[in-house]
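Below is one structure, written out as structure tokens; comments come after it.
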Protein chains: 2
Amino acid sequence: MTCKGILGVDVGGTNIKAALVFGRKIERRTKILSMAHAGIRRSIEQLKSVIEPFRQEICCIGIGIAGIIDSKNGVVIFSPNLKGWNNVPLTEYLHSEFNVPIRVLNDVNAICLGEWKYGAAQGCDNVFLFTLGTGVGGAAICEGRLLFGANGFAGEFGHTTVNPKGPKCICGHYGHLERYVGAEYIVARAKRKMKRQKSSLTRQDALTPEIIAREARQGDAVARQTFAEVGYYIGVGVANILALFDPEIVVISGGIARAGKLLFAPVRDTARRLVLGAEHRRYKIVPARLGDDAGILGAALFAQSRGKPTEIS
Amino acid sequence: MTCKGILGVDVGGTNIKAALVFGRKIERRTKILSMAHAGIRRSIEQLKSVIEPFRQEICCIGIGIAGIIDSKNGVVIFSPNLKGWNNVPLTEYLHSEFNVPIRVLNDVNAICLGEWKYGAAQGCDNVFLFTLGTGVGGAAICEGRLLFGANGFAGEFGHTTVNPKGPKCICGHYGHLERYVGAEYIVARAKRKMKRQKSSLTRQDALTPEIIAREARQGDAVARQTFAEVGYYIGVGVANILALFDPEIVVISGGIARAGKLLFAPVRDTARRLVLGAEHRRYKIVPARLGDDAGILGAALFAQSRGKPTEIS
């Protein structure tokens with residue numbers, strides 16, 4: 001494909017990030033606070049204003065966005081994080097303005113494509129990637145192809161059940177993984193422990209998983225226990241991923257994945273203890289490598305392949 | 001491929017079944033008690049004796065076998081049900097005798113291929129199939145391709161965790177689905193209830209899931225509760241399958257699947273209650289259609305496609 005550059009865009013509930021991409025090189029970036037909660041019309045106007053400065057330099061646009069996406073038709077069917085985004089024909093709205101090919105896909109699918117082509121999962125045929133943050137998303141590459149599934153819903157790792165008798169998830173159902181390991185639940189877990197145990201965390205103003213990780217590294221017992229438990233629940237989920245997808249690599253993305261051994265040790269240990277035939281399996285559980293760039297690079301790749309990830313080479 | 005016929009073989013812990021296959025037509029069948037527990041040498045001799053009568057009529061052989069199979073090299077890496085089958089180069093052993101192409105694959109993968117090409121999942125791009133019996137196996141077709149995974153282990157539905165604090169599974173780990181819904185555990189569940197409640201099941205000699213299903217249909221409360229609970233646990237697992245694979249169809253195979261509504265009602269209900277965005281999903285949960293033929297037809301298909309399920313058309 002001869003082209004100028006590709007615009008990779010990542011539309012999140014908090015930020016919109018975009019960058020001009022040539023292959024794996026990112027040339028010019030922009031990042032603004034998302035108005036995605038302000039309703040469709042203002043969101044679309046904002047998105048146009050993000051794209052506008054790149055207009056002369058791009059031959060196509062790839063957009064990663066949280067939610068269920070009909071990538072074939074460029075429609076956002078439903079987005080749990082973006083208010084009112086139901087059946088939004090995003091490609092159509094943007095195409096009239098920019099007149100270049102535009103492809104839309106799920107944001108975690110974009111991250112997975114990016115890490116697969118350029119990052120932690122390079123050269124692997126069977127990959128499962130998940131993101132740890134406010135929510136817990138996931139995506140799979142099966143036998144060298146990104147898995148969309150019948151409804152564009154595949155890989156919803158955060159909404160797998162790790163304990164059917166567990167607490168209620170934001171989606172209304174019970175015992176989902178996200179309800180145990182989403183950022184606010186990690187914080188809530190630490191706070192419950194702080195009531196019963198002395199902890200350096202009580203000196204902190206606003207707790208975040210990152211702060212808890214930092215204090216854990218400095219030896220705080222509450223913080224360490226919190227990560228051990230969170231790692232356990234993630235490990236239960238990962239064991240199921242290993243059993244079902246048999247990936248050669250499981251990639252953990254998102255801020256909390258930077259907690260390092262604190263997180264990875266209990267995840268690896270639990271997964272190994274729970275999965276059938278561990279001694280016959282070859283797999284790795286590793287952190288993502290590309291940070292925020294993964295989603296932008298992946299969205300650009302998707303646009304370049306004209307929405308056919310099989311054509312990504 | 002011009003050929004005479006294909007021999008489809010299904011090697012199980014209980015029986016070895018084989019049949020001469022032309023397309024979806026099964027011409028001549030044989031079924032004998034398996035000596036798979038008698039050690040490798042006798043098993044191989046037995047398998048040769050099953051194949052021998054078809055020698056003049058076949059152009060290739062496809063063999064479905066329980067366990068982790070290296071399909072590329074025709075090696076049985078490990079089989080939980082067949083004693084001593086570790087790293088057995090099955091293709092090599094048989095090829096010297098019969099001198100036709102031989103392909104080996106996991107038995108549930110074979111069933112899945114059969115149901116996909118000729119049975120309940122015809123025309124679907126994203127399929128998950130599982131078998132309910134002594135064990136609980138599974139297989140996935142993702143974006144039109146059978147999923148093998150990195151180690152030939154993909155689809156191990158029975159060994160996904162539905163309750164991390166649950167009882168110990170035959171594989172040594174805790175709270176696996178098979179530990180709740182494998183045939184012997186269904187019977188054990190009914191027996192526990194019989195101690196506390198009057199039941200028509202007490203009049204039966206040897207309880208089986210089939211007998212429990214029959215009595216449930218005739219209104220026995222213990223039998224009905226047993227199926228409701230078993231359906232619940234399967235439903236938890238199916239919800240995870242829907243979340244992760246987003247298949248358009250989930251196919252349930254094996255004897256217990258014949259229990260009909262008794263099983264399918266609680267499975268469908270639980271899966272729907274647990275899965276994210278049920279209202280945006282299009283999927284079906286259905287019984288398999290081909291019975292024992294699925295595995296034989298699927299093994300034959302695999303042989304015909306020279307071990308490349310992408311070439312199945």
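The values are calculated or read from the model by the stated rules, or taken from the named source; none is laboratory data. From a predicted model like this one, the values you see are computed outputs, not experimental measurements. Every residue, glycine among them, receives a Cβ derived from its backbone with ideal geometry; neighbour counts consider all protein chains shown.
Return the total of residues in the stretch A:229-274 being outside any helix (DSSP H, G or I), closer than 20 Å to residue B:169 by Cα and in contact with a strand residue (DSSP E or B) (Cβ under 8 Å, 6 or more places away or on another chain).
So the count comes out to 0.
Can residue B:50 be described as at pLDDT 95 or above and either under 24 Å from residue B:131 (Cα atoms) or out of contact with any Phe, Trp or Tyr (no Cβ under 9 Å at 6 or more places or on another chain) (or both)?
yes
Within the stretch B:2-24, restricting attention to residues that are of a type in the set (D, E, K, R) and modelled with pLDDT of 90 or more, which residue is surrounded by the fewest Cβ atoms within 10 Å (Cβ to Cβ)? So that I can check it myself, show each step before the final result.
Applying the first criterion (of a type in the set (D, E, K, R)) to the stretch B:2-24 yields B:4, B:10, B:17, B:24.
Then drop every residue that is not modelled with pLDDT of 90 or more, which leaves B:10, B:17, B:24.
On the way: B:10: 28, B:17: 22, B:24: 14.
This residue is B:24.
Could you identify the single residue in B:99, B:163, B:106 that is of a type outside the set (A, V, I, L, M), within 13 Å of another protein chain (Cβ to nearest Cβ) and either farther than 26 Å from residue B:209 by Cβ or under 18 Å from the mean Cα position of the chain (by Cα) (or both)?
Sole residue among the options that is of a type outside the set (A, V, I, L, M), within 13 Å of another protein chain (Cβ to nearest Cβ) and either farther than 26 Å from residue B:209 by Cβ or under 18 Å from the mean Cα position of the chain (by Cα) (or both): B:106.
Which of the residues that make up the stretch B:172-193 are in a helix (DSSP H, G or I) and touching a residue at least 12 places away in the same chain (Cβ under 8 Å)?
Selection gives B:178, B:179, B:180, B:181, B:183, B:184, B:186, B:187, B:189, B:190, B:191, B:193.
Any idea which of (1) out of contact with any strand residue (DSSP E or B) (no Cβ under 6 Å at 6 or more places or on another chain); (2) loosely packed, with under 13 Cβ neighbours inside 10 Å is the one residue A:27 doesn't satisfy?
Against the list (1) out of contact with any strand residue (DSSP E or B) (no Cβ under 6 Å at 6 or more places or on another chain); (2) loosely packed, with under 13 Cβ neighbours inside 10 Å, residue A:27 comes up short only on (1).
For the stretch A:255-267, state whether one or more residues are aromatic (Phe, Trp, Tyr), at pLDDT 95 or above and under 20 Å from the mean Cα position of the chain (by Cα).
Yes, there is a match, as at least one residue in the stretch A:255-267 is aromatic (Phe, Trp, Tyr), at pLDDT 95 or above and under 20 Å from the mean Cα position of the chain (by Cα).
Can residue A:155 be described as more than 7 Å from every other protein chain (Cβ to nearest Cβ) and either surrounded by fewer than 24 Cβ atoms within 10 Å (Cβ to Cβ) or under 25 Å from residue A:306 (Cα atoms) (or both)?
no
Having 3 or more residues that are hydrophobic (A, V, I, L, M, F, W, C) is the bar; report the strands (runs of 3 or more DSSP E) wholly within the stretch B:15-113 that clear it.
The qualifying strands (runs of 3 or more DSSP E) are B:15-22, B:25-33, B:58-65, B:75-78, B:102-106.
Restricting to the stretch A:243-259, count the residues that are crowded, with 24+ Cβ neighbours inside 10 Å and within 8 Å of chain B (Cβ to nearest Cβ).
Here the count works out to 5.
Within the stretch A:194-201, is even one residue more than 14 Å from every other protein chain (Cβ to nearest Cβ), over 22 Å from the mean Cα position of the chain (by Cα), within 30 Å of residue A:82 (Cα to Cα) and modelled with pLDDT under 95?
For the stretch A:194-201, residues more than 14 Å from every other protein chain (Cβ to nearest Cβ), over 22 Å from the mean Cα position of the chain (by Cα), within 30 Å of residue A:82 (Cα to Cα) and modelled with pLDDT under 95: absent.
Among (1) aliphatic (A, V, I, L, M); (2) more than 10 Å from every other protein chain (Cβ to nearest Cβ); (3) farther than 24 Å from residue B:243 by Cβ, which single condition is residue B:132 missing?
That leaves (3) as the condition not met.
Collect the residues in the stretch A:253-270 that are in contact with a helix residue (DSSP H, G or I) (Cβ under 6 Å, 6 or more places away or on another chain) and closer than 10 Å to residue A:235 by Cα, keeping them in residue-number order.
Within the stretch A:253-270, A:263, A:266, A:267, A:270 qualify.
Could you tell me whether residue B:174 is surrounded by fewer than 20 Cβ atoms within 10 Å (Cβ to Cβ) and within 12 Å of chain A (Cβ to nearest Cβ)?
The answer is yes for residue B:174.
Only residues that are of a type outside the set (Gly, Ala, Ser), in a helix (DSSP H, G or I) and surrounded by 16 or more Cβ atoms within 10 Å (Cβ to Cβ): list them for the stretch B:194-228, please.
First, the residues of the stretch B:194-228 that are of a type outside the set (Gly, Ala, Ser): B:194-198, B:201-205, B:207-212, B:214-215, B:217-218, B:220, B:222, B:224-227.
Still in the list and also in a helix (DSSP H, G or I): B:194-196, B:201-203, B:209-212, B:214-215, B:217, B:222, B:224-227.
If the condition is that a residue be of a type outside the set (Gly, Ala, Ser), in a helix (DSSP H, G or I) and surrounded by 16 or more Cβ atoms within 10 Å (Cβ to Cβ), then B:194, B:201, B:209, B:211, B:212, B:214, B:215, B:222, B:224, B:225, B:226, B:227 are the ones that fit.
Could you list, in sequence order, the residues of the stretch A:92-144 that are crowded, with 23+ Cβ neighbours inside 10 Å and among the charged types (D, E, K, R)?
Passing the criteria: A:103, A:107, A:115.
Please work out if residue B:33 is exposed (fewer than 14 other Cβ atoms within 10 Å of the Cβ), closer than 27 Å to residue B:133 by Cβ, out of contact with any Cys (no Cβ under 7 Å at 6 or more places or on another chain) and not assigned by TED's automatic domain parsing to the domain that holds residue B:152. So that I can check it myself, show each step before the final result.
Values: exposed (fewer than 14 other Cβ atoms within 10 Å of the Cβ): yes; closer than 27 Å to residue B:133 by Cβ: yes; out of contact with any Cys (no Cβ under 7 Å at 6 or more places or on another chain): yes; not assigned by TED's automatic domain parsing to the domain that holds residue B:152: yes.
When the stated conditions are applied, residue B:33 passes them.
Which of (1) in contact with a Gly (Cβ under 6 Å, 6 or more places away or on another chain); (2) surrounded by fewer than 21 Cβ atoms within 10 Å (Cβ to Cβ); (3) closer than 29 Å to residue A:276 by Cβ is the odd one out, the single condition residue B:79 does not satisfy?
Checking residue B:79 against (1) in contact with a Gly (Cβ under 6 Å, 6 or more places away or on another chain); (2) surrounded by fewer than 21 Cβ atoms within 10 Å (Cβ to Cβ); (3) closer than 29 Å to residue A:276 by Cβ, the one that fails is (2).
Among the candidates A:291, A:298, A:307, which residue alone is modelled with pLDDT under 95, within 19 Å of residue A:140 (Cβ to Cβ) and either not assigned by TED's automatic domain parsing to the domain that holds residue A:107 or not β-branched (Val, Ile, Thr) (or both)? Let's see the steps before the verdict.
Values: A:291 fails: within 19 Å of residue A:140 (Cβ to Cβ); A:298 fails: modelled with pLDDT under 95.
Step by step, each of A:291, A:298, A:307 is checked, and only A:307 is modelled with pLDDT under 95, within 19 Å of residue A:140 (Cβ to Cβ) and either not assigned by TED's automatic domain parsing to the domain that holds residue A:107 or not β-branched (Val, Ile, Thr) (or both).
Right, residue B:126: within 11 Å of chain A (Cβ to nearest Cβ) and not hydrophobic (A, V, I, L, M, F, W, C) or not?
When the stated conditions are applied, residue B:126 passes them.
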